[in-house]
Amino acid sequence: RDLTTEEGKIDYLLERLRNSQLLFIRNRVDYTGPQSAGFLRWKLDRLQTRRHIKIDTAQAFVDQIASGSRMSGQPYAVVLKDGSRHDLKSVLQNELDALESCLKQFPPPAPAPELASGEEPAQTANGL
């Protein structure tokens with residue numbers, strides 16, 4: 001996945017949930033990381049296809065999909081290993097902020113220029 005794209009960032013956040021051993025709470029029911037990731041992917045797809053709501057950035061995903069239940073109005077929650085409870089939106093916002101910070105600090109290399117048909121790559125001084 002390309003973490004420099006918004007879709008890649010959303011996939012990254014969902015993968016972090018999917019691989020988590022933490023407890024997730026939605027509408028007072030406990031869920032595993034894989035269950036939570038699957039539900040948020042379903043909710044994202046449903047809002048985009050059925051309701052035609054455009055979620056085109058990772059920030060919009062955090063704000064509109066991971067923030068809470070549209071039915072009950074309750075925020076989604078995560079319970080950390082120490083027993084503390086936090087809004088899922090805040091946890092994913094921290095994950096997104098950390099990812100953005102890493103991408104700024106360590107930008108991916110620029111893609112190599114494409115060669116025209118039949119063109120040979122230039123050799124460096126040491127012949128490589």
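The values are calculated or read from the model by the stated rules, or taken from the named source; none is laboratory data. Worth saying up front: this structure is predicted, and the values here are computed from it rather than measured. Please note: Cβ atoms are built from the backbone with ideal geometry, for glycine as well, and neighbour counts cover all protein chains shown. Just the protein is used for accessible areas: all its heavy atoms, side chains included, with ligands, DNA and RNA removed. Shrake-Rupley method; radii C 1.70, N 1.55, O 1.52, S 1.80 Å.
Note on the chain: lysine pairs with Cα distance below 16 Å, sequence gap of 8 or more or different chains, count 5. Think of a 1.4 Å ball rolled over the protein heavy atoms: the chain then has 68 Å² of accessible area per residue. Given +1 at the Cβ of Lys and Arg, -1 at the Cβ of Asp and Glu and no other charges, the dipole of the chain around its Cα centre is 1000 debye to the nearest 20.
Summarising the label geometry, the points placed 7 Å from Cα in the beta-carbon direction at Q74 and Y12 lie 3.1 nm from one another. Helix 33-49 and the long axis of the chain differ in direction by around 80°, with both axes built from C-alpha atoms. Helix 88-105 and the longest principal axis of the Cα set of the chain meet at an angle near 10°.
Quick one: with all protein chains in place, what share of the accessible area of the range 1-120 is carbon or sulfur, to the nearest percent (1.4 Å probe)? Solvent-exposed carbon and sulfur of the range 1-120 make up 51 percent of the total.
Inter-label distance, K54 to L22: 3.1 nm, where each label sits 7 Å from its Cα along the C-beta direction.
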